[in-house]
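Here is the structure we will look at.
The values are calculated or read from the model by the stated rules, or taken from the named source; none is laboratory data. In this text the structure is predicted, and so the values were computed from the model without any measurement. Backbone-built Cβ (ideal geometry, glycine too); neighbour counts: all protein chains shown.
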Amino acid sequence: MQITPQAMALPQETDHLPKGKYGPILPKTPACYGFSILAKIIPGRESVFYGYAKTLEAAVKDKPSLLAPLKLHYLRWLLFPINGDTYFMYQGIFDTEFERYTEDAVALFSASGVNTVFENLEGFPMDWKTNPEGFAKFVRAHQCPSFMEYGEYPFVSADEIKKALKIKSAFTEMLDQLQ
């Protein structure tokens, strides 16, 4: 099977896209689904973000499947200054549509008792655990939509990648035993 990398230009206007519960349903791209947000943090909370990153790192180390319901490929968090204020950028790529990701994230964090670092962003709804719509509205209001996405292995899910890596590992082990 030949896998050909693909790029996709995304529409600048989304009015023509089908509507879901939380707004337009963006197309799946070669990189799968995802979103990036940029939001101002509550002044003086920078250290909370770094502490939360360590907390999440430890939680995933203790329970590697913790974030599995989100079907993530990757997350990237950045803090940077704009005109003297600190902003947080969240970038995530995952296998589910935005609505499903949002609802799964709210359910996951509510059930696990872990709060979200988003609570340290100006205007974030503090009732997010019982208000997925408020969470989604915040994300949509702060979203910086991509206009081009590329996939070296287009439209491949995280589960398919993990399965392929298991097969590769088993095949390598089998070949090692033959030597």
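Numerical summary
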| read-out | value |
| --- | --- |
| Residue that is nearest to the chain's Cα centre (by Cα), among those in region 30-65 that are at pLDDT below 95 and among the β-branched types (Val, Ile, Thr) | Val60 |
| Subset of region 152-179 that is of a type in the set (S, T, N, Q) and assigned to a helix (DSSP H, G or I) - its residue that is farthest from Glu122 (Cα to Cα) | Gln177 |
| Candidate set from region 1-60 (those that are of a type in the set (Lys, Arg) and closer than 24 Å to Leu79 by Cβ); member that is surrounded by the fewest Cβ atoms within 10 Å (Cβ to Cβ) | Lys54 |
| Cross-chain or 6+ apart pairs with Cβ under 9 Å, region 83-111 first and free of Cβ contacts under 8 Å to residues at least 40 places away in the same chain and within 27 Å of Val156 (Cβ to Cβ), then of a type in the set (Ser, Thr, Tyr) and exposed (fewer than 15 other Cβ atoms within 10 Å of the Cβ) | Val106/Thr130 |
| Selection status of Val106, more than 18 Å from Phe49 (Cα to Cα), touching a helix residue (DSSP H, G or I) at 6+ places or on another chain (Cβ under 9 Å), of a type in the set (Val, Ile, Thr) and at pLDDT 90 or above | yes |
| Residues being part of a strand (DSSP E or B) and surrounded by 13 or more Cβ atoms within 10 Å (Cβ to Cβ) - total across region 63-78 | 4 |
| Of residues in region 97-118 being β-branched (Val, Ile, Thr) and within 21 Å of Pro64 (Cβ to Cβ), the one surrounded by the fewest Cβ atoms within 10 Å (Cβ to Cβ) | Val114 |
| Residue selected from region 79-96 under the condition touching a Leu at 6+ places or on another chain (Cβ under 9 Å) and surrounded by fewer than 16 Cβ atoms within 10 Å (Cβ to Cβ), by the criterion farthest from Glu149 (Cα to Cα) | Ile82 |
| Residues satisfying the stated conditions in region 119-151, i.e. buried (at least 19 other Cβ atoms within 10 Å of the Cβ), modelled with pLDDT of 95 or more and assigned to a loop (DSSP other than H, G, I, E, B) | Phe124 |
| Filter pass, Val60 being part of a helix (DSSP H, G or I) and either free of Cβ contacts under 8 Å to residues at least 24 places away in the same chain or under 22 Å from Pro5 (Cβ atoms) (or both) | yes |
| Check on Ser110, polar (S, T, N, Q) and not in a loop (DSSP other than H, G, I, E, B) | yes |
| Boolean, Arg100 is basic (Lys, Arg) and more than 25 Å from Ala58 (Cα to Cα) | yes |
| Within region 42-55, tally of residues that are of a type outside the set (Ser, Thr, Tyr), in a helix (DSSP H, G or I) and in contact with a strand residue (DSSP E or B) (Cβ under 9 Å, 6 or more places away or on another chain) | 4 |
